[in-house]
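Before any comments, here is the structure.
The values are calculated or read from the model by the stated rules, or taken from the named source; none is laboratory data. As the structure is a computational prediction, the values presented were derived from the model and not from experiment. Quick reminder, even Gly has a Cβ in these numbers, built from the backbone with ideal geometry, and neighbours come from all protein chains shown.
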C-alpha cells in the first residue's frame, strides 16, 4: 500500500509505478527487591555509526520514560544502561559481556549494526539474555543459533533489497555501480539488490567493497566512476560514505545516487556534500533517492521525540521504542524479569491475536499484561509480529529523497 507524503518531487510518477511482486534484561526481582528494574542497550556511540547511535538510543529512552509515566514494570521504575559498541565487533562483545556479567541485565536493546548483533549473539544467548535489535537488517541474523533469544523489530534486508532494486529500475537506471561497506550488512544488501535489479533487466557494472575508517577512498571511488554507471548506489554509513561521496564528485562524477538506510538522516543530508546553506549547484546529492525500513506516519511519536531530544531523520528510532516496550510488557506479563520468562512472553505481548494496543496506551497495555491477557502491540514502527526466527513478519519500507539537503520521506510500502 502506498501513502503519499504530499511531495511533488521530480520523478514521482516513476517512483509510484513500483510494483511489488512479494511483497533490558533486568535484575531479577527477589523478595528483598530492587528499587529499579534495569535493562541494557548496545549502541554505536563512537566509530562509523556514531551519528546513528544517540538518536536510536533516544528512541529506547523515550520508551523508558513513557513506561515509567504509565506506572513502571511490576510496580518498579525502569532504567536503561547504554554501552558503546564503537561500531565494531570486538568492542561490541566486550560491551555485551559487561551488560550481562557486571550489570546483570537479562534483556538488551541492540545491537545497532548487524555485525555487532551477530558478534554478541553468542554472549547473550549462552547466558539466557534476550537480545532485541531495532536496526540490524542483515539476512544472516535469521539463521543465528540463538535458542530463540535473538529478535529484531526492523525488517530485514531481504525486503529492502527488493524494493531498492525496483526503485532503481523504475527510475530508469540501466547501469548501477554499487559501493558497499564490507560487512554482513553491506554485502548482504548488495547481493539482494543486485539479484533483483538484474532480474528486472538492469546491470550492476561494478561491485566495490570498502572498509570503515580508512583515511581516503580514492581507489574505491575510481572503480565506481570508471565503470560509467547511470547511478551510484552507496550501501554504507556516514563516516566512510561522506568521504566516498566527496571523492566521486572530485573525480568529476555528475550523476545521481541511491542510498540505503545507513545513509539516511543528518550527517549525510545535511552533510559535507549537501550543506543547508550551499548554493543549488553545490548541493551535490540533492535529487538522490534512498530506501529504509521505516515506520508509518506516526506524527505523535515524532512530536514527542522532537520535544525531548530535538528533530532527527535517523531511521530505527521508532523500532528502538517498540523493542523496549515489548520487553517491558513481556516482563509485566511474566511477573518476573529473567531472560527465559521474557522470551516466553514476547510473542504473547506482540503477536496477533490479542487486544490491539498502540502508542499512547502504555498504561492500558501494562494493565492487560499484568492480568495475563494477550496483547497485539501496534507499535510506532509497525505492528510488531515476531516469526519463528524472531524476525519481523511485517513492516514498512520508506522511499526517501534528498530535498534541499534534508532527508524527506516520500512514499511508504507496507510489507505483509
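Does residue 232 satisfy the criteria of being assigned by TED's automatic domain parsing to the domain that holds residue 191 and crowded, with 19+ Cβ neighbours inside 10 Å? Write out each step before concluding.
Details: assigned by TED's automatic domain parsing to the domain that holds residue 191: yes; crowded, with 19+ Cβ neighbours inside 10 Å: yes.
Against the criterion (assigned by TED's automatic domain parsing to the domain that holds residue 191 and crowded, with 19+ Cβ neighbours inside 10 Å), residue 232 qualifies.
Out of everything in region 74-90 that is touching a strand residue (DSSP E or B) at 6+ places or on another chain (Cβ under 8 Å) and outside any strand (DSSP E or B), what residue ends up being surrounded by the fewest Cβ atoms within 10 Å (Cβ to Cβ)? Please lay out each step first, then the result.
The first filter runs over region 74-90 and keeps only residues touching a strand residue (DSSP E or B) at 6+ places or on another chain (Cβ under 8 Å), leaving 74, 76-85.
Then keep just the ones that are outside any strand (DSSP E or B); that gives 74, 85.
On the way: 74: 20, 85: 31.
Within region 74-90, the match that is surrounded by the fewest Cβ atoms within 10 Å (Cβ to Cβ) is 74.
Just to be sure before I move on: is residue 326 crowded, with 21+ Cβ neighbours inside 10 Å and farther than 24 Å from residue 394 by Cβ in the structure I sent? Don't jump to the end; show me each part of the working.
Working: crowded, with 21+ Cβ neighbours inside 10 Å: yes; farther than 24 Å from residue 394 by Cβ: no.
Criteria not met by residue 326.
Looking at this structure, is residue 51 under 30 Å from residue 89 (Cβ atoms) and modelled with pLDDT of 95 or more?
On the way: under 30 Å from residue 89 (Cβ atoms): yes; modelled with pLDDT of 95 or more: no.
No: the conditions fail for residue 51.
Using beta carbons and a limit of 6 Å, which pairs, at least six apart or on different chains, have the first residue in region 112-134 and assigned to a loop (DSSP other than H, G, I, E, B) and the second one surrounded by fewer than 24 Cβ atoms within 10 Å (Cβ to Cβ)?
Partner pairs satisfying both residue conditions: 127/100; 128/339; 128/340; 129/100; 129/339.
Take the conditions modelled with pLDDT under 95, outside any helix (DSSP H, G or I), assigned by TED's automatic domain parsing to the domain that holds residue 121 and at positive phi and apply them to residue 71. Does it pass?
Working: modelled with pLDDT under 95: no; outside any helix (DSSP H, G or I): yes; assigned by TED's automatic domain parsing to the domain that holds residue 121: yes; at positive phi: yes.
Spelling it out, it is not the case that residue 71 is modelled with pLDDT under 95, outside any helix (DSSP H, G or I), assigned by TED's automatic domain parsing to the domain that holds residue 121 and at positive phi.
Considering only region 36-68, how many residues are closer than 18 Å to residue 334 by Cβ and in a strand (DSSP E or B)?
Number of matching residues: 5.
Quick one: would you say residue 93 is within 22 Å of the chain's Cα centre (by Cα), assigned to a strand (DSSP E or B) and at pLDDT 95 or above?
Values: within 22 Å of the chain's Cα centre (by Cα): yes; assigned to a strand (DSSP E or B): no; at pLDDT 95 or above: yes.
Considered against the rule, which asks whether it is within 22 Å of the chain's Cα centre (by Cα), assigned to a strand (DSSP E or B) and at pLDDT 95 or above, residue 93 comes out as no.
Taking region 195-241 only, how many residues are out of contact with any helix residue (DSSP H, G or I) (no Cβ under 6 Å at 6 or more places or on another chain) and in a strand (DSSP E or B)?
Filtering region 195-241 for residues out of contact with any helix residue (DSSP H, G or I) (no Cβ under 6 Å at 6 or more places or on another chain) gives 195, 198-199, 201, 203, 205, 207, 209, 211, 213-216, 219-220, 222-224, 226-231, 233, 238-240.
Going one step further and asking which of them are in a strand (DSSP E or B), we end up with 203, 205, 207, 209, 231, 233.
Within region 195-241, residues that are out of contact with any helix residue (DSSP H, G or I) (no Cβ under 6 Å at 6 or more places or on another chain) and in a strand (DSSP E or B) number 6.
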